[in-house]
Amino acid sequence: MTPSTASLRAILVTGKGGVGKTTFAAALARSLAGRGLRVLAAELVGSAEADSPLARTLGVSGTVDEPQSVSSDLSFARIVPSAGHLSFLRTALPMKVMADAAMKSSAIRRFLMAAPSLPEMGALYRLLELVEAKHTDGSPRYQTLVVDLPATGHALALAQVPASILDVIPHGPIADAVRRGLGLLYDRSRTAAFVVTLPEMLPVSESLELSRALEKHKIPVRGFVINRMPWDPFDAEQRKSLDRALAAHPNVLGARLFRRSDRAKRAKERLLASGATVLAELDERGDEGTALMDALTAELARVLVGDLAGVS
Amino acid sequence: MNARVPRRSFVAPHLEDRRVIVVCGPGGVGKTTTSAALGLRAAMQGRRVLVLTIDPARRLAEAMGVPANSDEPTRVDPARFAAAGIEVPGELYAWMLDPGTVFDGMVRRLTKDPTKVDEIMKNRLYRHVKNLVAGMQEYTAAEALYSFVESKRFDLVVLDTPPSRNALDFLDAPRRLSSFLDERIVSIFLPKGGGFFRAASQLVESVFARIFGDGFFKELQGFLSAFSGMFDGMREHAVKVRTLLGSDESTFLIVTGMEPEAVSESLFFRAKLRELGVGFAGYILNRSWAYTRGLMPPATLEGLVPAETLAKFVTFGQEEARRAKMDRARLQTLLAQDIGAEALATPNLGGAVEDLAGLALLADELGFHHEDERPSSSHPIVE
């Protein structure tokens with residue numbers, strides 16, 4: 001049976017660039033927190049200097065590696081490879097001081113950031129650490145992590161990394177840490193990827209490809225979220241009459257939006273025809289910033305309400 | 001349509017003179033399509049152009065008749081241009097970057113002893129590295145750029161980068177690579193690293209033996225030894241690419257959409273370019289709604305569709321007008337934050353650009369200002 005969204009420990013939000021992935025991740029984290037779950041919204045960033053759009057969307061500065069509080073049930077954290085490397089080294093090496101010395105060595109730091117797969121391994125380790133973080137009473141510090149993954153190519157890279165590391169380094173502490181990370185990533189009861197897409201042909205084909213590739217790497221995909229679905233008040237007959245009229249007068253204000261809503265409908269049909277599960281369809285909205293965030297949060301809470309019914 | 005001669009856009013001189021144009025910007029704004037259109041425009045001006053793309057839209061590749069998996073650039077068949085009614089005196093090539101091919105080419109060029117080539121190609125770590133999608137695109141984009149510019153096969157290379165945050169990695173890759181390949185650093189990993197670096201070398205060895213396991217560290221040393229003869233060459237390439245990107249021969253374009261997130265990512269990116277000290281040509285605001293000139297009011301359809309349908313359609317017209325106003329305001333906001341920057345808006349051409357004819361339309365929009373219709377910083381949009 002598919003576990004409810006609320007029982008997942010890690011929700012991986014992914015999709016092609018520019019589809020509103022970050023806004024969706026922020027709204028999802030907020031709507032889950034609004035249901036009384038302790039939620040951590042996290043974003044994978046490449047380096048300690050990198051900017052975090054998710055932090056910006058949530059209205060926090062996002063410049064430190066330790067989780068920051070956004071509201072009573074919602075926190076934000078950046079997932080930076082170097083933080084993962086440090087905590088990994090602290091666990092793997094017999095003395096903390098050795099780990100700190102290692103991270104101070106520019107040779108080792110450069111190696112960890114420049115050698116292929118190792119930055120991703122650091123990010124995965126940090127993710128695992130945050131999922132496993134506990135309060136002193138043993139309860140999880142965060143019940144759910146909503147992770148804003150990088151755009152398509154890099155999300156795939158991240159999915160590919162653990163297994164490819166194991167090919168090269170099958171034994172030792174790195175291999176063990178990676179296996180534990182995989183244990184989380186592959187576990188349908190704890191992890192699910194949400195693929196965000198726009199209702200346009202190219203984004204739809206790209207997200208279908210992304211979803212297939214994630215499944216190939218054994219990462220469970222829960223389904224698709226169609227973002228910015230244009231308003232469409234016309235029935236088939238009205239459409240037909242508008243099509244005829246616009247053929248005679250193509251340069252009319254409103255025609256571009258009309259054709260766009262038509263394309264959106266076809267793109268959505270294509271997604272459904274491929275057998276994809278559509279988790280939510282979010283209306284395109286004229287508002288932005290805080291107003292957009294509030295509206296999306298409310299809509300998600302409503303759309304996923306059945307799914308969330310199990311939460312007290 | 002008015003009969004006035006269109007004025008050349010700010011992009012046009014770059015298409016004529018530069019050897020490298022790097023197209024960057026946030027994801028989902030049509031960078032790949034814009035890069036292809038820029039390449040086409042330059043080829044229409046008679047240049048031999050390569051559009052080097054990292055993540056191409058499959059359908060665009062199909063439209064250009066270019067295979068997705070190929071070992072080297074494919075020329076767009078002139079017959080296709082002819083069929084689409086486009087006059088192209090130059091040549092247009094496209095290539096989807098394949099990290100494995102770029103790596104193999106680099107190994108062949110840089111390995112002095114040909115018997116060593118086989119040894120490297122068979123090395124387990126090498127095969128792992130070259131087949132990774134992760135992170136390798138950035139290294140190989142820089143390396144591919146170097147080899148294409150060096151070979152002088154093309155007058156112009158248009159490089160389509162991955163979405164913004166990763167594109168920064170691309171700019172940084174040569175520096176990171178050359179800093180890692182610093183001989184002193186590498187020597188720490190090599191066996192018998194001694195003398196001054198002995199202490200560092202011992203730390204590295206003990207840390208690596210513990211975390212990777214002893215066997216792996218030896219394998220890593222073997223890999224680095226096999227490669228060590230190439231490091232000078234790789235570093236030299238990295239430095240040359242950086243120099244090339246910082247020189248007058250190269251320029252950067254930022255393609256952006258009009259959503260607030262896209263605009264803020266673009267400004268962030270602009271700051272990064274400034275910091276890196278590379279040339280910046282200007283902004284291309286893609287798929288803009290800003291144009292309303294020449295459009296008829298929705299009421300034009302009166303009598304042609306039922307009243308109820310028309311009433312609904314009128315709201316579409318109002319929404320389009322609202323978007324036009326908003327896009328213009330955003331364009332002004334962007335330019336207010338980057339005083340003196342060039343900008344050009346390309347109109348929302350309807351569907352995605354999916355064929356050569358669509359690409360040619362976009363190419364025309366990029367090359368020229370159509371007076372009174374097309375906005376730019378020097379030609380502000382007015383209602």
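Bear in mind that the values in this text are calculations on the coordinates, not laboratory data. Only a predicted model underlies this, so the values are computations on that prediction, with no experimental measurement involved. All Cβ positions, even for glycine, are placed from backbone atoms using ideal geometry, and neighbour counts span all protein chains on display.
Scaled against 2.2 N^0.38 Å for its residue count N, the alpha carbon radius of gyration of segment B:232-313 is 1.96.
For segment B:276-315, applying the loop criterion from DSSP together with a ceiling of 16 other beta carbons within 10 Å to the trypsin sites (Lys or Arg not before Pro) yields B:Arg293.
For n ≥ 4 DSSP H runs only, could you compute -39500 (n - 2.57) per run for chain A, divide by its residues and tell me the 222 nm figure to the nearest 500?
-16500 deg cm²/dmol
As an equivalent ellipsoid, segment B:273-331 spans semi-axes of 39, 10, 8 angstrom, where each value is the square root of five times an eigenvalue of the C-alpha gyration tensor, largest first. Counted over the protein assembly as shown, the DSSP beta bridges are approximately 15% antiparallel. Inter-chain Cβ neighbour count for B:258-271, averaged per residue, equals 2 (cutoff 10 Å, partner chain atoms only).
Counted over all Cα-Cα pairs of segment A:1-149, pairs farther apart than 24 Å make up 34 percent. When the P(r) of segment A:88-198 is calculated, the portion above 25 Å amounts to 29% of the C-alpha pairs.
The Stokes-Einstein estimate for segment A:195-296, based on a Kirkwood radius over Cα pairs and taken at 25 °C with 0.890 mPa s viscosity, is a diffusion coefficient of 160 µm²/s. Rg/Rh for segment A:94-147 stands at 1.10; both radii use Cα atoms, and Rh follows the Kirkwood definition. Hull volume per residue, based on the alpha-carbon atoms of chain A and their convex hull, is 157 Å³.
Computed over chain A with a Gaussian network model linking Cα atoms closer than 10 Å, the most mobile of A:Ala102, A:Ala41, A:Ala248 is A:Ala248. Overall size of segment A:155-238 from C-alpha positions, given as principal axis extents largest first: 66, 25, 16 Å. Mean partner shielding of peptide B:119-126, defined as the number of other chain Cβ atoms within 10 Å of each residue Cβ, is 1. Listed cross-link partners B:Lys31/B:Lys272; A:Lys265/B:Lys312; A:Lys240/A:Lys265; B:Lys152/B:Lys240; A:Lys21/A:Lys134 are compared with a 26 Å cut-off, the Cα-Cα value being larger for A:Lys21/A:Lys134. Quick check: net charge around A:Asp73, other residues with Cβ under 14 Å of its Cβ, Lys/Arg +1 and Asp/Glu -1? Here the count lands on +4. Here the alpha carbons of segment A:74-119 define both size measures, Rg and Dmax, at 11.6, 37 Å.
Over segment B:1-126, the pair-distance histogram of Cα-Cα distances with 10 Å bins from zero comes to 11, 33, 30, 17, 7, 1, 1 percent, rounded to whole numbers. Antiparallel DSSP bridges in chain A: what percent, to the nearest 5? So the antiparallel bridges in chain A amount to around 10 percent. Looking at the P(r) of the protein assembly as shown, how many percent of alpha-carbon pairs lie beyond 49 Å? Of all Cα-Cα distances in the protein assembly as shown, 16 percent exceed 49 Å.
Taking a quarter of the surface of the Cα convex hull of segment B:58-123 gives a mean projected area of 6.1 nm².
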